2 protein chains.
Amino acid sequence: MPSVDRDKHAALDPGLQHFVERMGLLWENDGLPRIAGRIFGLLLVTPGACSLDDLAETLGVSKASISTDARRLEQLGFLERTSRPGDRRDYYRASNDLVERSLQIRLDALRKVRRLLAEAPRPHGAPEVAARLDDFERVHRYAEDAVGDVLARWKHDAAARAG
Amino acid sequence: MPSVDRDKHAALDPGLQHFVERMGLLWENDGLPRIAGRIFGLLLVTPGACSLDDLAETLGVSKASISTDARRLEQLGFLERTSRPGDRRDYYRASNDLVERSLQIRLDALRKVRRLLAEAPRPHGAPEVAARLDDFERVHRYAEDAVGDVLARWKHDAAARAG
DNA sequence: CCCTGCGTTCAGTGTTGACTGAATATACTG
DNA sequence: CAGTATATTCAGTCAACACTGAACGCAGGG
């Protein structure tokens with residue numbers, strides 16, 4: 001086997017280890033499995049791709065968790081699954097659309113709240129309630145537009161860089 | 001008892017009930033207690049303030065949950081606690097700083113991720129990893145600035161409206 | 001064919017945390 | 001001080017879910 005992917009089984013540099021761990025906690029706070037966050041963090045700082053066994057060994061968790069969480073991350077658009085000729089293993093690497101996908105998720109969160117506020121019935125005879133809902137909805141729209149602009153600009157720049 | 005706060009114990013309008021329920025689910029998806037989301041949703045569409053008993057009865061949950069979650073919401077800046085002369089009960093109402101506080105929470109989330117990315121060690125001999133981390137960090141900063149601008153503008157407008 | 005190396009799935013375990021009713025604390029009223 | 005109305009806290013229950021080891025499925029290679 002060529003030595004391109006050696007060191008995948010080596011213990012992590014302490015700094016990287018700390019980063020991976022903090023990423024796991026960050027995701028856990030957002031209600032997602034901590035292992036998913038650690039996988040993501042590890043692949044963020046890993047050039048190239050890792051097999052499931054690489055991830056399981058480096059993170060010290062079961063292959064079952066790696067399998068399910070890596071697929072979940074792929075579903076969310078954070079990872080991409082690749083393969084190599086003459087190798088039956090699956091390899092995961094950080095998605096190329098990482099930035100876009102992250103912003104898109106923030107956008108979706110903002111839109112969900114705005115939609116809910118927009119559809120909220122305005123109680124009769126309570127203009128202050130209606131005003132509050134309107135204000136709240138409006139600021140969400142502003143934030144949505146602002147983040148949307150960032151996303152559009154980023155996509156434009158990326159296209160310019162690639163084309 | 002004066003009739004100012006009558007109807008606080010009445011069953012909710014179906015449309016409002018639906019809104020409150022959806023708000024609860026939205027908060028639950030964000031990893032927060034569903035009851036907290038329902039309290040917040042209810043007070044969003046309620047003019048004036050509600051006592052703990054009002055909230056418990058209208059939402060059909062225990063007073064214990066109302067007590068803890070309402071205080072949590074107050075800690076987060078979503079609710080304000082008020083009192084009335086000659087009435088020993090606590091009353092909660094939607095905070096006046098609602099909009100600012102919501103944006104601020106989004107900002108904090110963005111900043112936490114950006115900080116983590118900024119502090120991530122760049123592995124030696126892997127320029128593509130460093131570039132990825134830099135890009136990711138940069139776009140978070142852009143989003144942070146964009147939302148920060150929305151917040152600043154909103155505050156400015158609110159000051160103009162009040163002053 | 002079996003054997004081996006993968007990925008996935010499944011049943012089980014432990015933990016976390018929301019939610020509750022009851023107990024407790026606290027403050028006001030007579 | 002006794003009595004009452006409020007809020008908080010506490011111990012317990014329950015459900016959800018992350019995580020695991022083991023079983024299973026599936027493909028190639030001898």
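The values are calculated or read from the model by the stated rules, or taken from the named source; none is laboratory data. Every value quoted in this text rests on a predicted model; they were computed, and no experiment measured them. We place every Cβ from the backbone using ideal geometry, glycine too, and count neighbours over all the protein chains shown.
Side notes on the structure shown:
- Residues in region B:59-70 that are within 16 Å of the chain's Cα centre (by Cα) and either more than 8 Å from DNA strand D (Cβ to nearest atom) or surrounded by fewer than 16 Cβ atoms within 10 Å (Cβ to Cβ) (or both): 2 in all.
- In summary, helices (runs of 4 or more DSSP H) completely within region B:1-118 and bearing 3 or more residues that are in contact with a strand residue (DSSP E or B) (Cβ under 8 Å, 6 or more places away or on another chain) occur at B:34-44, B:52-59, B:63-76.
- Flag for A:Ala109 being in contact with a Lys or Arg (Cβ under 9 Å, 6 or more places away or on another chain) and surrounded by 14 or more Cβ atoms within 10 Å (Cβ to Cβ): yes
- Residue match in region A:92-114 (condition: within 11 Å of DNA strand D (Cβ to nearest atom) and farther than 30 Å from A:Asp134 by Cα): no
- Conditions (1) in contact with a Cys (Cβ under 8 Å, 6 or more places away or on another chain); (2) within 12 Å of DNA strand C (Cβ to nearest atom); number of the one not met by B:Tyr92: (2)
- Number of the condition not met by B:Glu100 [criteria: (1) at pLDDT 95 or above; (2) over 30 Å from A:Ile105 (Cβ atoms); (3) among the charged types (D, E, K, R); (4) more than 11 Å from DNA strand C (Cβ to nearest atom)]: (2)
- Residue that is surrounded by the most Cβ atoms within 10 Å (Cβ to Cβ), among those in region B:37-58 that are small (Gly, Ala, Ser), over 17 Å from A:Phe136 (Cβ atoms) and within 16 Å of DNA strand C (Cβ to nearest atom): B:Ala56
- Of the residues making up region B:78-95, those that are within 14 Å of another protein chain (Cβ to nearest Cβ) and not charged (D, E, K, R) number 4.
- Hits in region A:37-62 (condition: farther than 23 Å from B:Glu128 by Cβ and of a type in the set (Gly, Ala, Ser)): A:Ala56, A:Gly60, A:Ser62
- If only residues of region B:123-155 that are loosely packed, with under 14 Cβ neighbours inside 10 Å and either at the interface with chain A (Cβ under 8 Å from one of its Cβ atoms) or modelled with pLDDT under 95 (or both) are counted, the one that is nearest to A:Phe40 (Cα to Cα) is B:Glu128.
- Some residue of region B:84-91 being surrounded by 15 or more Cβ atoms within 10 Å (Cβ to Cβ) and either within 24 Å of A:Leu116 (Cβ to Cβ) or near DNA strand D (Cβ under 10 Å from one of its atoms) (or both): yes
- Taking the criterion of being away from DNA strand D (no atom under 14 Å from the Cβ) and among the charged types (D, E, K, R), the only residue of region A:24-58 that qualifies is A:Asp54.
- Residue check for B:Glu80: at negative phi, surrounded by 15 or more Cβ atoms within 10 Å (Cβ to Cβ) and away from DNA strand C (no atom under 16 Å from the Cβ): yes
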